[in-house]
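J.: Structure below; questions to follow.
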Amino acid sequence: MTPQQRIARSSQWAVLPLGVALATLLVATRGEMVGTSLSAALCVLALPWIVVVLMVLAVLSSPLYMALHPLMLAPPLDVWLGSVVMLAIAIGVQINAWLLLAWWRRPRTPPQPGLGEYLRRTSRSRE
C-alpha cells in the first residue's frame, strides 16, 4: 500500500462527524420552517442513498417499534418515521461525502495521446 493510499484510507474517517452533526442539526430544527427546508436540501444531497438507507432503517427499526408497544413507550408513528427519515438523510449525506472524498483522493493518471495528439502532428512526423 502506497503512502497516498494510507492517507486516503485514514482521511475517510475525517468526514464521520459530518453525519453526526447533520443528525443533530436536523433534530434541533425539527418542526420549524428552516428545518423543513434544510431537510429537503439535505435529502437532495443524500440522493440516491436516501431510498436504500430509508428502507434498511425502516425494516430494522420496526421490531423495536413493535416491542415498545406492550411497554406503552412507543411514540406516535409519524414521529418514529420522521426520525427514521432524518437518520436516513444523515447517513445518505455521509455516504456521499465518503464517495466524494474518495473521488478527490483517487490517483490521477496522465492523459493518453489520442486523436488530438495525432492531428497536431505535422505531416512529416506522421510518416
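The values are calculated or read from the model by the stated rules, or taken from the named source; none is laboratory data. Everything numeric in this text was worked out from a predicted model, so none of it was measured. The accessibility values were calculated without ligands, DNA or RNA, using every heavy atom of the protein model including side chains. Shrake-Rupley method; radii C 1.70, N 1.55, O 1.52, S 1.80 Å.
J.: Please compute the per residue accessible area over the range 25-127 with all protein chains in place, 1.4 Å probe, rounded to a whole number of Å².
T.: On a per-residue basis, the range 25-127 sits at 75 Å².
J.: Summarise the accessible area of the range 82-124 (1.4 Å probe, protein heavy atoms) by the percent that is carbon and sulfur.
T.: 65
J.: Please report, in whole Å, how far the alpha carbons of the range 16-59 spread along each principal axis, starting with the longest.
T.: Projected onto its principal axes, the Cα set of the range 16-59 covers 27, 21, 19 Å.
J.: How large is the convex hull of the Cα atoms of the range 12-95 per residue, expressed in Å³ as a whole number?
T.: 100
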